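Colleague: Submitted below is the structure of interest, expressed as C-alpha cells.
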Amino acid sequence: MRTSTVLLDTNLLLLLVVGHTSRAYIARHKKLTEFSEQDYDTLVRLLSSASQLLLTPHTLTETSNLAAYIQEPAKGQILATLQRLVMGTPEQHVPGATAVQRREFLRLGLTDAGLIEAAQADTIVLTADLDLYLAVLSKGVPAVNFNHVRDQYL
C-alpha cells in the first residue's frame, strides 16, 4: 500500500492505539472483539509503507469515546497513547456542516461522511467498514478494505 497519505477509519485507529499501548489489551477491549493481535501486526505493516498518516477530528472524537470501553489502568494508558498520537499526527479538518451535506451522511453518519470528504486522489482510505469502503471507491478515491487483507490469513 505505497502512498503518500493514509486516512484511517475509527475502528482501525482504535486497534492501532490499543495495540500500541499493549497487544494484550486487544483481546480485553470491548470494542475490538472482531480483531486479534495478528490484525494489529498487519495494520502496523500496512501503515509502515505510507509516508503519512492523516486523521480527522471526527475520527479522533469517536476513537476517544470508544477507547474508554476498558477498565483502568488500561483505559488511562490507552488514552495517553491516543494523546501522543494526536500531538504528532496531522489532521484534515472537515467542518460538520460540510460533511452533513454529503449524500452518504444519512446512511453512514458524520464521521464517515467526513472521511469521504477528506479523501483525495493522493490518499488511501484504510477501513474495515464495507459501506465506507464502497462509498470512498464510488468517489473515485483509492481505498483498502482491511477485511480483504485479513482474508489472506484467516
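The values are calculated or read from the model by the stated rules, or taken from the named source; none is laboratory data. These figures come from a predicted structure and were not determined experimentally. Cβ coordinates were reconstructed from backbone atoms using ideal geometry, including for glycine residues, and neighbour counts include every protein chain displayed. Remember, those area values only see protein heavy atoms, side chains included, never the ligands or the DNA or RNA. Shrake-Rupley method; radii C 1.70, N 1.55, O 1.52, S 1.80 Å.
Colleague: Select from segment 32-51 the residues that are in contact (Cβ under 8 Å) with a residue 12 or more places away in the chain and of a type in the set (S, T, Y) and write down the one among them that is most open to solvent (accessible area, probe 1.4 Å).
Modeller: Per the criteria, the residue is S51.
Colleague: When you scan segment 95-108, do you find a residue that is closer than 25 Å to S49 by Cα, open to solvent by 70 Å² or more (accessible area, probe 1.4 Å) and of a type in the set (K, R), even just one?
Modeller: As a first pass, look at segment 95-108 and keep what is closer than 25 Å to S49 by Cα: none.
No: zero hits.
Colleague: If you don't mind, there's one more thing I want to ask. State which residue pairs qualify: first residue under 14 Å from V86 (Cα atoms) and inside segment 56-71, second residue among the β-branched types (V, I, T) and surrounded by fewer than 18 Cβ atoms within 10 Å (Cβ to Cβ) in any location, beta carbons under 8 Å apart, and separation of 6 or more residues or different chains.
Modeller: L60/V86
Colleague: Which members of segment 17-31 meet the condition of being more than 12 Å from L66 (Cβ to Cβ) and open to solvent by 10 Å² or more (accessible area, probe 1.4 Å)? Spell out the reasoning first.
Modeller: Applying the first criterion (more than 12 Å from L66 (Cβ to Cβ)) to segment 17-31 yields 19-28.
H20, T21, S22, R23, A24, Y25, A27, R28 - these are the residues of segment 17-31 that are more than 12 Å from L66 (Cβ to Cβ) and open to solvent by 10 Å² or more (accessible area, probe 1.4 Å).
Colleague: Yes or no: segment 113-131 includes at least one residue that is over 21 Å from L53 (Cβ atoms) and modelled with pLDDT of 95 or more.
Modeller: Here is the first cut: in segment 113-131, the ones over 21 Å from L53 (Cβ atoms) are 130-131.
Narrowing the set further to residues that are modelled with pLDDT of 95 or more leaves 130-131.
So far as segment 113-131 goes, yes, one or more of its residues are over 21 Å from L53 (Cβ atoms) and modelled with pLDDT of 95 or more.
Colleague: Okay, moving on. Any chance you could count how many residues in segment 104-139 are under 14 Å from the mean Cα position of the chain (by Cα) and among the polar types (S, T, N, Q)?
Modeller: Of the residues in segment 104-139, 3 are under 14 Å from the mean Cα position of the chain (by Cα) and among the polar types (S, T, N, Q).
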